[in-house]
Amino acid sequence: MEWFQMYQWEVFIFLEIASWIFLFLFLLLRYAFDRVKIGQIFLLLFLLFILLEGILAFINYQQTGEIETFQIVVCIFIIYACTFGISDFKKLDRYIKQKVGKWRKVDLLTEKDRAIMEKQQNPTYIARRYRLWWYMHTIVLIIANIIFWQLYGDKATHFLSYIQDWSWFEQETIHHAPYKHEMVMNIVRLWLVIYVVDTIIAWSYTFFPNKEKGE
């Protein structure tokens, strides 16, 4: 399957874009045209394409025999779809109901929908939600680094020494780095930058609450 190795990223991007189009069509048909059964077909296609992404990552692993960037990216998207993606889907669902309801001049929102939308404008709720996300992000980051250390760690040097001395972060080589795998080191460096940005953003809602930061 050499063609897959050549076009694996194109196939993944196609599946990802198509899956979100199917999801949007599901909501549109459900609320705008009352075609619930037809809409469910697109929902099933969405789930099928997510499953196909996982199969592609597994095929890639079988062909290469090692963990590569492609597999990690696919896994991140799948984990997102199964966790925070559900929350985003519900948010999109309420948004479509609100917009389609105005267009059809019908109130499609339930009392529960309105209560959730009002709560999501509350600065206290927003700050709590972002803190929860930061806690989860921190736990995942720690677990990932424990796994990376077990698989690719520089056992000759204690891990705490790399925490005390961050000179390795700016080095392009892996000669003096906690992980002796170039791809893993690049992932860790990028992840740490994202984590710092996420930390600043997440806690800004706690220390500097502002109603304008509502969703």
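With the requirement that a residue be among the hydroxyl-bearing types (Ser, Thr, Tyr) and either modelled with pLDDT under 85 or touching a Lys or Arg at 6+ places or on another chain (Cβ under 6 Å) (or both), what does the range 105-153 give you? Within the range 105-153, 125, 152 qualify. Here is a check on your reading of the model: is residue 193 exposed (fewer than 12 other Cβ atoms within 10 Å of the Cβ) and more than 30 Å from residue 34 (Cα to Cα)? Judged against the criteria, residue 193 is a match.
Against the condition of a type in the set (A, V, I, L, M, F, W, C), at pLDDT 80 or above and under 20 Å from residue 122 (Cα atoms), how does residue 203 come out, does it pass?
Working: of a type in the set (A, V, I, L, M, F, W, C): yes; at pLDDT 80 or above: yes; under 20 Å from residue 122 (Cα atoms): yes.
Yes.
The values are calculated or read from the model by the stated rules, or taken from the named source; none is laboratory data. No experiment lies behind these values; they were computed from the predicted model shown. Cβ coordinates were reconstructed from backbone atoms using ideal geometry, including for glycine residues, and neighbour counts include every protein chain displayed.
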